[in-house]
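Taking it in order: structure first as structure tokens, then the write-up.
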Amino acid sequence: MNRTYKHIALVLILIGFLNSCTDPVKVSVPDGGSRLVVEASINWEKGTSGQTQTIKLSESTTYFDSNLNVNVTGASVIVTKEDDGSQFVFEDQNNGDYIVNDFVPEIDQSYSLEIQYNGQTYTATETLMPVTEINGIEQTIEGGGEDEEIQLKVFFDDPAGVNNYYLGEFSSSVNPLLTLGALSDQFTDGNENFIEYDNEKLVAEAVVDISIYGISERFYNYINILIEQSGVNNSPFQTTPVQLKGNCININNPDEEVLGYFRLGQVVKTDYTIN
């Protein structure tokens, strides 16, 4: 046999051998069933009445499903102000949103959420937390060379003698995805505090939308775990992922896993143009 044909034959044999050794890999992902997802953030922006609020309900889907979530309709959603029993009925918009236009926000008051859906009752309780005004915003440069990026520090005064927790929410005209930052005043009580935001995509003339929320200690712990597990900090020493449990409970079946959180907080908003 010609040497060239011998080489071709050898290649064909090898290809056939490799193909015969290749089996499709089937990944088995456990299907734990759908979960109720509660997106219930009652945000009272300073300078507004806070009367119009929206709660969104959906159901999670399986890992390989093309739909991330399925909107929940037909539920009953009521928030009750616990000191006087005032009830605020959120009307079903038939798209997963439930809206109320007569909500009465009050700082440091407790509110309870009740959702009735598919014969089950879900509840949660939280306190509406205050926030102070923004004092100012400082723009600096972090890092150097290829790692150089613009950083913003948003300053605000922390009330003394009170445990306070804050959530910073940032998006920009060059990066609309939300970036979150949480802060406790454990070591800075009564001083001027700040929350940082940096993004390598920030450039001159980019506009950054900024929201600073007052949040409870429990929600602070929850959102801190969420931020860590999102992999934003990319640290090699990140904590091992744990199950993230919100404050919504099925009173008919306390073992049911309910996703999401019910929280209430005052919020201050502003925007900043990068120079």
Which listed residue (ASN175, PRO105, GLN151) has the Cα farthest towards the positive end of the charge dipole for the stretch 97-184, taking +1 on Lys and Arg C-beta and -1 on Asp and Glu C-beta about the Cα centre?
-> PRO105
With the 1.4 Å probe rolled over protein heavy atoms, the stretch 72-174 has an accessible area per residue in Å² of 47
Exceeding the 24 Å Cα-Cα cut-off - candidates LYS201/LYS245; LYS153/LYS201; LYS201/LYS269; LYS46/LYS153 = LYS201/LYS245
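What is the packing order of peptides 177-189, 260-272, taking the mean over residues of other C-beta atoms within 10 Å and listing the highest first? Let's see the in-between values first.
Numbers: 177-189: 14.8, 260-272: 20.5.
Per-residue Cβ counts within 10 Å, averaged per peptide and sorted highest first, yield 260-272, 177-189.
Once you order the gyration tensor axes a ≥ b ≥ c over the Cα atoms, which shape class does the stretch 146-203 get: rounded for a/c under 1.5, otherwise prolate or oblate by comparing a/b with b/c?
Numbers: a/c = 3.28, a/b = 2.29, b/c = 1.43.
Verdict is prolate for the stretch 146-203.
Only sites in a loop by DSSP and with at most 10 other Cβ atoms within 10 Å count here; which trypsin sites (Lys or Arg not before Pro) in the stretch 36-138 make the cut? Intermediate values should be presented prior to the final figure.
Values: sites: LYS46, LYS56, LYS81; in loops: LYS46.
Qualifying residues, ordered by number: none.
How much of the calculated P(r) for the stretch 93-247 lies past 21 Å, in percent of all Cα pairs? Display every interim value, and only then the final one.
Values: 7045 of 11935 pairs.
Summing the P(r) tail past 21 Å for the stretch 93-247 gives 59 percent.
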Looking at the square roots a ≥ b ≥ c of the eigenvalues of the Cα gyration tensor of the stretch 36-128, which shape do they give, rounded for a/c under 1.5, prolate if a/b is larger than b/c, or oblate?
-> prolate
In percent, what relative contact order does the stretch 36-128 have, based on Cα pairs under 8 Å that are 6 or more apart in sequence?
-> 26
Note, the stretch 75-86: 3J(HN,Hα) by Karplus (6.51, -1.76, 1.60, θ = phi - 60°), whole Hz, Gly/Pro = x, goes 8, 9, 10, 9, 10, 10, 7, 6, 6, 10, x, 4
Whole-Hz ³J(HN,Hα) from phi, Karplus 6.51 cos²θ - 1.76 cosθ + 1.60, for the stretch 149-160, glycine and proline x = 8, 7, 10, 10, 10, 9, 9, 7, 7, 9, x, 7
Rounded Å value of the spacing that divides the Cα centres of the stretch 248-275 and the stretch 136-193 = 19
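The values are calculated or read from the model by the stated rules, or taken from the named source; none is laboratory data. Since the model is a prediction, treat every value here as computed from it, not as a measurement. All Cβ positions, even for glycine, are placed from backbone atoms using ideal geometry, and neighbour counts span all protein chains on display. Please note that ligands, DNA and RNA were not included when accessible areas were found on the heavy atoms of the full protein model with its side chains. Shrake-Rupley method; radii C 1.70, N 1.55, O 1.52, S 1.80 Å.
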